[in-house]
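Below you'll find the structure, written out as structure tokens, and then a few comments.
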Amino acid sequence: MNANAQPIVQLRDIQFAWHRNLSPVLSIEQFELSRGEHVFLQGSSGSGKTTLLNLIAAVLLPQKGSVAIDGQPLAELRRSKRDQFRVDHMGLVFQQFNLLPFLSVVENVQLSCRFSPSRKRRVTQEGLTLDQETDRLLSAMKLDPKEIKHKPTSELSVGQQQRVAVARALIGRPPLIIADEPTSSLDSDSRQAFLDLLFSEIESAGSTLLFVSHDAALASSFDRRIDLKDINRVADLSGDLS
Amino acid sequence: MIGIAWKSLCNRWPTALLAMLAIAMSVALILSVEKVRRDARNSFTQTVSGTDLIVGARSGAVQLLLYSVFRIGNATNNISWESVEEISARNAIDWVIPISLGDSHAGFRVLGTNHDYFEHYRFGEKRTLTFAEGERFDDVFDAVIGSEVAKQLGYTIGQDIVVAHGTGNVALVEHEKQPFKVSGILAPTGTPVDRAIHVSLQGIEAMHVDWRNGANVKGEGTSAEAIRAMDLNPKAVTALLVGLKSRGTVFREQRTINNYRAEPLLAILPGVALQELWSLVSVAEMALLIVSIMVVVAGLVNLMSVLLAGLNERRREMAVLRSVGARPAHVFLLLCIESTLLTLGGIVAGLVLHYIITAIGSVFLMERFGLSVPLTLPQSTELKILLSVAIAGLVAGTIPALQAYRKSLSDGLSQKL
């Protein structure tokens, strides 16, 4: 098996409970993402998708089973190593409040390079300075670098903030981009535009995208669509209650 | 990290500024208390040197010291001139400076003495009084004023001044029939001498010629010429500063004076009396020091509470930092840097505030008590205090930092992910 054929995300027989004595909230036999895939993960609130993302992002460890990212089993890493591994391999975009309000746009975009020498190296290996790459990413996100570069992020619209957050997730080409409901604070018109920008940049970076949303209407543009209900053997808790 | 900490603090500048201000004020307080304590001691110690004994009417040692040298408080009784002459005539005694107090001019005390004062009085490191201008009093109505008197009242040589009876700032009655003339201005000494108006003992008698039993005798008053012709030999003085030929005889002379039969007298050794004063004052000093330490602690507790309270509002900030790769250790460091920045800022601002307080306060202390509290660079005690505050600030900062560390471990990357 060559490196490219190896899945970027690989979950096997995992089971996760918040506490030893509580019943598990997640039990997944197998979950894989291949390199370069754009996957839409659907799940209603309470279905455990946040927990799943935490497992993939190495914030939580499962009680049973194994999680491997880029061929690296996460359980084998010590906690500080996991933190380093995460920033080296993943770019994260959240629903909102992605940016530090007291830093300028440029500083926000370059934040992860402060903590990840390997991502910084990937930028400079292409013969670009961090500032050049920042400008390139901002332009690619249809933001005018000259205009917004040194603005405090509080002066940006929500849509602009989300695009800055994508630029930050993408800097240094991490192999995996996790986007957790990044469009839910956007109106429906800008949602598709945002997705298009996201796709084209992820394409050119060659990264894998795991996109989480409850909004099934967005799913059509993705390579693959996974409903958490279908892979989680634990019954939907919110479903049980109704 | 320092850049991030700094920008984060700037983003929350109102609370950060208040926390820093609290530290600054506590630092300024403790520095000022320490400075006043030390300078007051210095100033007192500097005021009298080279005097072996101070003699006055029988009262307390500290009281005699305070009124005779520092011009604080009043004498209960006088020494008769016969006793003064008898003491001066003793073999062991080298010189005697008579001091007569009880009158004032524009809030400054008038001190009656003789030429021995300029000859033998010593202050600081055995320094003698020197004249900035003019010369000693020669005439009955001549006056030599201290530098502070000259400065505050704007007096020059040859100026007429009117002396009032009593020592209050606003005298009830003034001896206006007998105007004095400024004959000399002393160079600054940083002691109560700067705040005194010196006249001859005869001058003191002269200004009381028309007074009987503390009331002004009705009528035109006696002219200066008539007064000059009178017998103005002093009948009593307030205290004596005594210099001995040999210091070895000091205890014998003290005992002799204390056992003086003709009238109840008290002789004290200035150094011993000062020690007695310090032991009295040290309780108050200690109380002040404890209070200032408490204020510093309060400032640091405030710093801690500001940082702790801020943590909840800053969960998002921490989550973002974590999501871009900051480890919990980074979050810990961030909070430590913040508390250090605040503490250091507080210390610097406190130093500035301390100097402002000292600059303003020294004017007041000089005017009111003749204490000199000069602006000086921080000395070893102050540096130790500042260092302790810095260390305490660091320690105080680790508690919110630990809290943030734990939170960022349990919160993970975000409120969402």
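Coordinate-derived values only; no laboratory data. All values derive from a computational prediction rather than experimental measurement. Neighbour counts run over all protein chains shown; Cβ positions are idealised from the backbone, glycine included.
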Practice prompt. For region A:121-178 and region A:189-215, write down the distance between their C-alpha centroids in whole Å.
Written response: 15 Å
Discussion item. Which residue fluctuates most in the GNM of chain A (Cα springs below 10 Å): A:F102, A:F31, A:F222?
Written reply: A:F102
Discussion item. Under 10 Å, Cα contacts only: if you run a Gaussian network model on chain B, which one of B:V110, B:V352, B:V182 comes out with the highest mean-square fluctuation?
Written reply: B:V352
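Please say if chain B is rounded, prolate or oblate, where rounded means a/c under 1.5 for a ≥ b ≥ c the square roots of the C-alpha gyration tensor eigenvalues, and otherwise the choice is prolate for a/b larger than b/c and oblate otherwise?
Working: a/c = 3.88, a/b = 2.72, b/c = 1.43.
In terms of gyration-tensor shape, prolate.
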Response to the item:
Counting sequence-distant residues (5 or more places) and residues on other chains, those with an amide H built under 5 Å from that of A:I226 are A:F40, A:L41, A:Q42
Response to the item:
In whole percents, the bins of 10 Å from zero upward hold the Cα-Cα pairs of the protein assembly as shown as 3, 13, 16, 13, 9, 7, 7, 7, 8, 8, 5, 2, 0
Worksheet entry | Structure-based [θ]222 nm, the protein assembly as shown - -39500 (n - 2.57) summed over DSSP H runs of at least 4, per residue, nearest 500 | -15000 deg cm²/dmol
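Give, in nm to one decimal, the length gained when the segment between B:D139 and B:V281 is fully stretched (0.36 nm per residue of separation minus the Cα-Cα distance). Intermediate results must be reported in sequence, preceding the final value.
Details: separation 142, 0.36 × 142 = 51.12 nm, distance 4.18 nm.
Here the answer is 46.9 nm.
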Discussion item. Between A:H19, A:H38, A:H150, where does the largest GNM mean-square fluctuation fall for chain A, given springs only between Cα atoms within less than 10 Å?
Written reply: A:H19
Item to complete: Compute the label zone of B:A329 within region A:43-86: residues whose backbone N is under 13 Å from the point 7 Å along Cα-to-Cβ.
Response: A:78-85
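Taking N as the number of residues in chain A, what is its alpha-carbon radius of gyration divided by 2.2 N^0.38 Å?
On the way: Rg = 18.0 Å, N = 242, 2.2 N^0.38 = 17.7 Å.
My calculation over the Cα atoms of chain A gives 1.02.
Could you quote the convex hull projected area for region B:53-268, Cα atoms only and averaged over all directions, in nm²?
Working: hull surface 47.7 nm².
Averaging across all directions leaves 11.9 nm² for the Cα convex hull.
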Response to the item:
Once Lys and Arg are counted +1 and Asp and Glu -1 for all other residues with Cβ under 15 Å from that of A:G36, the total becomes -3
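How crowded by other chains is B:312-319, given as the mean number of beta carbons from other chains within 10 Å of each beta carbon? Kindly include the intermediate steps, with their values, before the conclusion.
Details: counts 0, 0, 0, 1, 7, 5, 0, 3.
Counting Cβ atoms of other protein chains within 10 Å of each residue's Cβ and averaging gives 2.
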Response to the item:
With bins of 10 Å, the percent of all Cα-Cα pairs of region B:279-417 per bin from 0 is 11, 30, 26, 16, 11, 5, 1
